[in-house]
Amino acid sequence: MHIPPPDDADRVPQAAGPGKGLREVAIFRHNLFRISEPFISDQAQHLRRYRPLYVGRKRFGSPPEGATSLALEDLYKRYTLPRIGLQMLTGNTRPYLRLMARQRPSLIHAHFGIEGVAALGLARQLGIPLVTTFHGFDATLKPHIMLGSPAWFRYPLLRHKLAREGNLFLCASAFIRQRLLETGFPESRTHTHYIGVDCQTIRPRELAEERPLILHVARLVEVKGTAYLLRAFATVARQHDQARLLIIGDGPLRRRLQALAASLGVRDRVEFLGALPHAEVLAWMRKAAMLALPGIRTATGREEGLGMVLLEAAATGLPIIGSRVGGIPECILDGRTGFLIPERDASALAERMSKLLENPVGRHQMGAAGRALVESRFNIDRQTAALEDFYDSLLGRGR
């Protein structure tokens, strides 16, 4: 296929980056480098036999040092709303073809099902395989909810086309894989693949660093169960004078949750820190006594796909508390690395948080067991090597 060179108005920057000589994989995400999605670039930067090329509509943060990224916002002098909207609504691949005129990746790896649908035509036009990783809402959210979103409406309409024509589907948890199979994705091409966490960068904390902090790291949306955590903490606060709740993350429910904290009488014991860079989140983990993610099933169908923050907390040596929903039980050994509780049960959550606060020996033992679990099952080096094996199989290569 002939791709015309860009004109002055649609100038494409010359890409450059490390790892020349390696096969290139286009990491496709519409909104690149979001502060809440460090796991995408963490995985890509751990590739050893392939070189990542980040491709999307817009950057919401800085790319990893030395990495090559291309975004549609680079293509035009003015990335105007009509241009964004038209490409979003039509799924036209021509802007991406122009953007990637100087690149010839060996395959595309799309993150989230929405991106898988968007990249399907691009992969076919380039004549390369398409890998799609599903992370959660893209496997659980009810279709009629997606149809109401200009950014998502094409996905439920074309999901079955993706299932037929996509080369490989990776799921961030076994729970997500089961959901995809129920919607018609082929069993032979749909696999569970945990992204994992960096056990070299994230080291177990020293016990002297710990404070009586209960940590919650989440986007402030219903599925994370933050309202139930606040109600549980109101009980804990009456029993433990020094306990504080630290909430890292932002979202549409922030004001409502702050009002709830005030109504429960714990406004002075709860801190809403907003969204923080990944390094700062990891620093707070080193100071916490535990991490809680009491996820819930929502009326829209959303459930937690896994919860990368749970793995990072466990790697730091924190005991973790989560609900028995979605993929959360896949990373918590109940009673050994933390606790699993019924969803929407603030009383059970309060009881488990108090138990951990009152038992420093027990929580440190749980933290050590959690670290061992992450090292054995969720180490990003091992998981990324397995990912590259998937890439190799699509390209007909051996190790």
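The values are calculated or read from the model by the stated rules, or taken from the named source; none is laboratory data. Bear in mind that the values here come from a model prediction, so they are computed numbers and not experimental data. Note that each Cβ is placed from the backbone with ideal geometry, even for glycine, and that neighbours are counted across all protein chains shown.
Only a single criterion out of (1) surrounded by 23 or more Cβ atoms within 10 Å (Cβ to Cβ); (2) not assigned by TED's automatic domain parsing to the domain that holds Gly322 is not satisfied by Val217, namely (2). Among the criteria (1) buried (at least 23 other Cβ atoms within 10 Å of the Cβ); (2) closer than 29 Å to Pro64 by Cα, the one Phe272 does not fulfil is (1). Residue pairs whose Cβ atoms lie under 7 Å apart, separated by 6 or more positions or on different chains, with the first residue in segment 112-141 and on the phi > 0 side of the Ramachandran plot and the second β-branched (Val, Ile, Thr), are Gly136/Ile176. Using the structure shown, decide if Ala283 is in a helix (DSSP H, G or I) and assigned by TED's automatic domain parsing to the domain that holds Leu246. For Ala283, the condition - in a helix (DSSP H, G or I) and assigned by TED's automatic domain parsing to the domain that holds Leu246 - is met.
Restricting to segment 310-331, what's the tally of residues that are of a type in the set (Lys, Arg) and within 18 Å of the chain's Cα centre (by Cα)? Count: 0. Being in contact with a helix residue (DSSP H, G or I) (Cβ under 9 Å, 6 or more places away or on another chain), charged (D, E, K, R) and modelled with pLDDT of 95 or more is the requirement here; does Arg286 meet it? Taking the combined requirement at face value, the residue satisfies it.
Counting only residues that are under 16 Å from His111 (Cβ atoms) and either without any contact (Cβ under 8 Å) to a residue 40 or more places away in the chain or outside the structural domain of Glu115 (by TED's automatic domain parsing) (or both), segment 149-165 holds 1 of them. Could you list, in sequence order, all residues of segment 305-360 that are crowded, with 22+ Cβ neighbours inside 10 Å, touching a strand residue (DSSP E or B) at 6+ places or on another chain (Cβ under 8 Å) and in a loop (DSSP other than H, G, I, E, B)? Gly305, Gly307, Leu318, Pro319, Ile332, Thr337, listed by residue number. I'm checking my understanding of the structure. Among residues of segment 182-201 that are of a type in the set (A, V, I, L, M, F, W, C) and over 17 Å from the mean Cα position of the chain (by Cα), which one is modelled with the highest pLDDT? Filtering segment 182-201 for residues that are of a type in the set (A, V, I, L, M, F, W, C) and over 17 Å from the mean Cα position of the chain (by Cα), the one modelled with the highest pLDDT comes out as Phe185. Checked against the criterion of being without any contact (Cβ under 8 Å) to a residue 40 or more places away in the chain, aromatic (Phe, Trp, Tyr) and over 25 Å from Arg164 (Cβ atoms), the candidates Tyr50, Tyr54, Tyr76 yield just one match: Tyr54. Restricting the search to strands (runs of 3 or more DSSP E) fully inside segment 114-219 and requiring at least 1 residues that are closer than 25 Å to Gly396 by Cβ and in contact with a helix residue (DSSP H, G or I) (Cβ under 6 Å, 6 or more places away or on another chain) gives 130-134, 168-171, 190-192.
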